[in-house]
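Single-structure report; data block below.
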Amino acid sequence: MDKDTTSKILSDFMDRNREYAIESYLKTESKGAIIGRFTIPCERSYNQNTNGGDRFRITWGRPQNGLIIPYGDVIACYQVKDEYGSQTVHVIMKCGVTIEIECCGDRV
């Protein structure tokens, strides 16, 4: 998947949901089993050109809190809206992990 498309999808999602906390789920691609889940608060920032432009990074709280998505490892990135208007971004990685990022509607 090309870097510009992935960066645009993630950046647009982050901008649209900047006033709300978001949840991120790490899932196995093959079975959809949840490996991990964490909530990212409203007080967060993102950088679409981390490490010379090859990573998308979301940070919050302390400097070590972060989610890094290397563009070169992304197979697919797309957004889905459900019947209630809830938005979820799916990032499928080469390693067999899917990162799902969704607005949880809370102001945490």
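Here are the numbers:
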{"quantity": "Residue list for the range 73-82, restricted to those being farther than 18 Å from Ala21 by Cα and in contact (Cβ under 8 Å) with a residue 60 or more places away in the chain", "calculated": "Val74, Ile75, Ala76, Cys77, Tyr78"}
{"quantity": "Residues of the range 80-101 that turn out to be part of a strand (DSSP E or B), of a type outside the set (Val, Ile, Thr) and modelled with pLDDT of 95 or more, as a count", "calculated": "3"}
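The values are calculated or read from the model by the stated rules, or taken from the named source; none is laboratory data. Note that the coordinates shown come from a computational prediction; the quantities given were computed from them, not determined experimentally. FYI the Cβ positions are ideal-geometry reconstructions off the backbone, even for glycines, and counts take in every protein chain you see.
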